Amino acid sequence: MAGPDAPAFADAPSLSDADAALVEDLLSGSHRALARVITKIESRTPGYRAIVSALHEHTGGADVIGVTGSPGAGKSTLVDKLAAAYRERGDTVGVIAVDPSSPYTGGAVLGDRIRMGSNVGDMDVFFRSMSARGQLGGLSTATADAVKALDAFGKDVVVLETVGAGQNEVDVVRTADTVAVLVQPGSGDDVQTLKAGILEIGDVFVVNKADMDGAQRTVAELEEMVHRREGGTTGRGAGHHGAASMASTEGGGSAGSHHDAGHSADSESGESDARDADADDSWTPEVLETVANTGEGVEGLIETFDAHAAYLRESGEIETTERRRYAEEIRTLVRADVGALATAEIERRGGIDRLAERVRDRETDPYAVAEAIVGPIADCVEEAADGDRDD
């Protein structure tokens, strides 16, 4: 809860009458309105921010699952089968497939391909292919806003299938509650890439195409990778949840220490039990096998997703996850908005090429140029802060 001296925030952007009606239709369950809203979000049509702001209070009900991994791992096929399995148990599903951006149009170059074949004609599975817009991790701010639209619409599950870009896929963590990293059998290089960084984002590791040669070896490599995390831990606290539990276990001794039979009950053994309880409170990433073409292993994968969602709720970790997500979203939006202001100021001063020429001619230097551009923005921020303090 904000204290009495907390600065006030601006009112949410105002909706036009047409956009207000569009939001009302979306919240009433119109798939056509949902599609139009996501189009506005992806195109950054004027007024889209007011729409997203209006939807925000209606979000928080969907389980958001990220599915990532290297190209060829079978992400699209597995997502198709996941959606069908969720529908069989009565859940409504939204799917956002983030495709590579066209360098010319910014559009999703794979957007017209045939996907989600098992769910064609099912109005309770909403599929949308979106452009990554050049973001390293394949997820742009537009994608996060589209997730909000699906959540506010009332989808029970939202699945994000992202571009396979190795360890740069960390952006998916900022939008998904649960992250599944797919690896195909015989992917020695992929596992090495995972070791280089993407391990940190995985809550579940999936060896897809598990009927191929080399599947068991890949499973073993992934299990070893999980259990030999930093410091030789047992894998507790791996994934993008459980950093606190990692810190707590690093400071303690072995939970399996032997004690004298005559030692008083409740000291060391009590501490040991507490350490075991702490360890059990963290999430250990699982390594599962699936064959997406046949649907084998999909039910078990969904059970693991459900278990992770339950863990997030029961442990309170979901609150930490949401705070982290919104903190990153705020930073991203502020950077983008300040960057736009700075770009406008650069143009007002003759453009970047003219400024660079003046630096080359030693008329000025890069630091002075940056100060001249950012200074007026900083002055406005300071004036606003003084106004808040006066109020």
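Bear in mind that the values in this text are calculations on the coordinates, not laboratory data. Being a predicted model, the structure only gives us computed values, none of them experimental. Because the Cβ atoms are built from the backbone with ideal geometry, glycine has one as well, and the counts that use them run over all protein chains shown.
Using a basic spin-label model with each label point 7 Å from the Cα along Cα→Cβ, how many nm lie between Ala340 and Ile377?
1.2
Using a 10 Å cut-off on Cβ atoms, rank the peptides 68-76, 293-301, 322-330 from the highest mean neighbour count down. Provide the component values of the computation, followed by the final result.
On the way: 68-76: 20.9, 293-301: 16.2, 322-330: 13.1.
The most tightly packed comes first, giving 68-76, 293-301, 322-330.
Collect residues whose amide H, placed 1.01 Å from N in the peptide plane, falls under 5 Å from the amide H of Ser129; neighbours closer than 5 in sequence don't count.
Amide H to amide H, under 5 Å and 5 or more residues apart or across chains, Ser129 pairs with Ala97.
Using only alpha carbons, build the gyration tensor for the stretch 334-390 and give me the equivalent ellipsoid semi-axes, biggest first, whole Å.
Values: eigenvalues 141, 31, 12 Å².
Those come to 27, 13, 8 Å.
Residue-wise, which Karplus ³J(HN,Hα) couplings in Hz belong to the stretch 210-223, taking 6.51 cos²θ - 1.76 cosθ + 1.60, θ = phi - 60°, and x for glycine or proline?
Here the 3J(HN,Hα) series is 5, 8, 8, 4, x, 5, 5, 5, 5, 4, 4, 5, 5, 4 Hz.
May I ask you to list the lysines whose Cα is less than 27 Å away from that of Lys40, ignoring any residue fewer than eight positions away on the same chain?
Reachable lysines: Lys75, Lys148, Lys155.
By counting other Cβ atoms within 10 Å of each Cβ, how are Glu286, Glu314, Glu223 ranked from fewest to most?
Numbers: Glu286 21, Glu314 10, Glu223 15.
With the sparsest Cβ surroundings first, the list reads Glu314, Glu223, Glu286.
If you rank His58, His308 by fewest surrounding Cβ atoms within 10 Å, what's the result?
Values: His58 16, His308 24.
If I rank by nearby Cβ atoms, fewest first, I get His58, His308.
Stretched out fully, how many nm does the piece from Asp390 to Glu296 gain, at 0.36 nm a residue minus the Cα gap? Write down the numbers at each step before the final one.
Details: separation 94, 0.36 × 94 = 33.84 nm, distance 6.44 nm.
The Asp390-Glu296 span can extend by a further 27.4 nm.
Along the Cα→Cβ direction, 7 angstrom out, place labels at Ala12 and Asp353. What is the inter-label distance in nm?
For Ala12 paired with Asp353, the spin-label model returns 4.4 nm.
Taking 0.36 nm per residue of separation and subtracting the Cα-Cα distance, what length does fully extending Glu224 through Ser43 add?
On the way: separation 181, 0.36 × 181 = 65.16 nm, distance 4.36 nm.
Net length gain for the segment: 60.8 nm.
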